[in-house]
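To keep things clear, I will list the structure first and then write my remarks on it.
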Amino acid sequence: MKRLEKVKGTRDLLPEEMAKRRWVFERIREVFERYNFHEVLTPTFEYTELFKLRSGDEVVEQLYAFDDKGGRNLSLRPDMTSSVARLYVNSFQNAPKPVKWYYIANMFRYEEPQSGRFREFWQAGVELIGSDKVEADAEVIALFVESYLATGLEDFTVNIGDRILLDEFARMLGVEDDIGLMRLIDKKDKLSKEDFIGALKGFGLNDDGVEKVLALIGIKGRPDEVLPRAEELFTSDEAKAEIKRLYELVDLLDAYGVSRWIRIDLGIARGFDYYTSIVFEAIAPNDLGIGSIGGGGRYDNLIGVFGGKPTPATGFAIGIERLIPILEWKGLIPEPKLRPDVYVIPIGKDTEVKKAAVEVVSALRRAGVKADVELTGRKIGKALDYAGRLGVPYVVLIGKRDLAEGRVTVRDMETGEQKAVEKERVVEELLDLLGL
RNA sequence: GCCAGGGUGGUGUAGCCUGGUCAGCACAGGGGACUGUGGAUCCCCUAGCCCGGGUUCAAAUCCCGGCCCUGGCCCCA
């Protein structure tokens, strides 16, 4: 038996867990819909080339890539943004703008599993294509906040950074390996101050440069407190314009009523593949070793890279496997009810009795009651035992004697009280008892 | 890709250091005592040493490799 093992980094989701996931998905989906985003689903796999085009050849290392029987080199999607951008370029370039799409789907990355990281995982995300205005950034970030709120989570922050400012910053410092520097900055919270400074000097920074980096990563906190500091640090026109954009953004987010969850953190880089301006990520304090629970940003070049007419876009993705453990840890997901409300037990092996049981359970089901019928032929004692253990509130017992008089027995499992009910009236009776 | 610690019936575990007397326990599942009345009790049954190789008279136990799990690194689109 042990030869049939689960593939590394994948999971089986059992009924209870599925019920909880579905609850989370539904909360999030509802908000997405209210913001008038529409659901799309693209194929699970694409040509590997698509992902290489976006992120370069190295990503193949992190892809679930394979050749199919027709010799195509394919990869399971590592996220949805590439596929959605391809879909847009293929067929929606002339659609009215903005295009507002959302998805809830599984993604695949060939990485070593660890806390909150699997090889197959789910994301719920949106893409807003066709507006380069800060209003679009605000709309998406407000929805990002509202999505978490919809799941009951309140203790989290959305930290906003900016790639233009980071790039500008690397230029100011004259660092060759700007990507390496950003990676280091992204990791700032994991290192001690001494190690961090030592690593900075490894990039050839002098004391002045180190000071500047420390000043940058110190730009972290409430927008009204830290944005003025950013204005002092940056001098170029481009950077000034971007800071103005951030001011407008936080102003709009205030109008959306979500500023309570908004922080500025100019040290955020969020990967390096395609973000071009505002980037953001959500963090919820927890003891589970889980960091970011989702993130996104503006990517104005990707559609052009895919051969489309240059089109600005912005979006985010929520990591379901990171969000759910935190919600569970906080007790925010309601316990799913997996038991039926009524359990119908035929007594004996008589065919008429079995048919009557099926008739009763069918009638209940048609009336909208979650009902089950004994299917294993257990004797009445074991069947009641089973129903009791499941916590079923009402059982209908159907035996030959009652049936001869056109009646069945309804048993309240909590009190043990029983009463004979006309078979034709049993649905009505139970609806009444259940308060339906 | 790298590192650390793990893997014993469906689940949780004892045993491993110190090889044999070892495959035990609890829960769960099925049946019966009880052929029309539950969660109790008693009895019975099902079911396991992750896979492969090595050492040895003898391996769950020691060694090697693989797979998987948990976590860390890299990376995190």
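Quick notes
- Scanning the stretch A:324-352 for residues that are under 23 Å from A:Pro285 (Cα atoms) and touching a residue at least 60 places away in the same chain (Cβ under 8 Å) yields a count of 9.
- Taking the stretch A:130-149 as the range and being surrounded by fewer than 18 Cβ atoms within 10 Å (Cβ to Cβ) and in a helix (DSSP H, G or I) as the test, the residues that pass are A:Glu135, A:Leu149.
- Members of the stretch A:263-306 that are hydroxyl-bearing (Ser, Thr, Tyr) and either within 17 Å of A:Ala239 (Cα to Cα) or more than 9 Å from RNA strand B (Cβ to nearest atom) (or both): A:Tyr275, A:Thr276, A:Ser277
- Residue match in the stretch A:90-99 (condition: of a type in the set (Lys, Arg) and touching a helix residue (DSSP H, G or I) at 6+ places or on another chain (Cβ under 9 Å)): no
- Each residue in the stretch A:361-382 was checked for being touching a strand residue (DSSP E or B) at 6+ places or on another chain (Cβ under 9 Å), farther than 21 Å from A:Asp350 by Cα and either within 10 Å of RNA strand B (Cβ to nearest atom) or open to solvent by less than 50 Å² (accessible area, probe 1.4 Å) (or both), and 3 pass.
- Residues (more than 17 Å from the chain's Cα centre (by Cα) and in contact (Cβ under 8 Å) with a residue 40 or more places away in the chain) located in the stretch A:113-127: A:Pro113
- Check on A:Leu397, under 14 Å from A:Val342 (Cβ atoms), open to solvent by less than 30 Å² (accessible area, probe 1.4 Å) and within 8 Å of RNA strand B (Cβ to nearest atom): yes
- Within the stretch A:266-286, being open to solvent by less than 10 Å² (accessible area, probe 1.4 Å) and at pLDDT 90 or above holds for A:Leu266, A:Ser277, A:Ile278, A:Val279, A:Phe280, A:Ala282, A:Ala284.
- Out of A:Phe66, A:Phe32, one residue alone is closer than 26 Å to A:Gly271 by Cα and open to solvent by less than 70 Å² (accessible area, probe 1.4 Å). It is A:Phe32.
- Selection within the stretch A:295-311 - in a loop (DSSP other than H, G, I, E, B) and without any contact (Cβ under 8 Å) to a residue 24 or more places away in the chain: A:Pro310
Listed here are the residues, each with its yes/no results for (1) at pLDDT below 95; (2) buried (at least 18 other Cβ atoms within 10 Å of the Cβ).
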| site | (1), (2) |
| --- | --- |
| A:Asn36 | no, no |
| A:Pro43 | no, no |
| A:Tyr88 | no, yes |
| A:Asn94 | no, no |
| A:Pro113 | yes, no |
| A:Gly116 | yes, yes |
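- Highlighted here are the helices (runs of 4 or more DSSP H) found entirely within the stretch A:1-95 that include at least 3 residues which are over 21 Å from A:Leu323 (Cα atoms) and in contact with a Ser or Thr (Cβ under 6 Å, 6 or more places away or on another chain): A:48-55.
- Subset tally (residues that are out of contact with any helix residue (DSSP H, G or I) (no Cβ under 7 Å at 6 or more places or on another chain), among the small types (Gly, Ala, Ser) and open to solvent by 30 Å² or more (accessible area, probe 1.4 Å)) for the stretch A:313-360: 1
- Test: residue in the stretch A:383-392 that is open to solvent by less than 50 Å² (accessible area, probe 1.4 Å) and more than 10 Å from RNA strand B (Cβ to nearest atom): no
- Any hit, the stretch A:404-423, residues being out of contact with any Pro (no Cβ under 7 Å at 6 or more places or on another chain), of a type in the set (A, V, I, L, M, F, W, C), more than 8 Å from RNA strand B (Cβ to nearest atom) and within 30 Å of A:Arg22 (Cα to Cα): no
- Pairs linking a residue in the stretch A:5-18 that is closer than 24 Å to A:Glu111 by Cα and in contact (Cβ under 8 Å) with a residue 60 or more places away in the chain to a residue that is open to solvent by 90 Å² or more (accessible area, probe 1.4 Å) and within 13 Å of RNA strand B (Cβ to nearest atom), with Cβ atoms under 9 Å and 6 or more positions apart or on different chains, are A:Lys8/A:Glu112; A:Gly9/A:Tyr110; A:Gly9/A:Glu112.
- Residue in the stretch A:159-170 that is farther than 17 Å from A:Glu242 by Cβ and either touching a helix residue (DSSP H, G or I) at 6+ places or on another chain (Cβ under 6 Å) or surrounded by fewer than 19 Cβ atoms within 10 Å (Cβ to Cβ) (or both) present: no
The values are calculated or read from the model by the stated rules, or taken from the named source; none is laboratory data. Given the structure is predicted, the values throughout are model-derived calculations rather than measurements. A quick note on method: Cβ atoms are made from the backbone with ideal geometry, for glycine too, and the neighbour counts reach across all protein chains shown. SASA here: full protein model, heavy atoms, side chains in, ligands and nucleic acids out. Shrake-Rupley method; radii C 1.70, N 1.55, O 1.52, S 1.80 Å.
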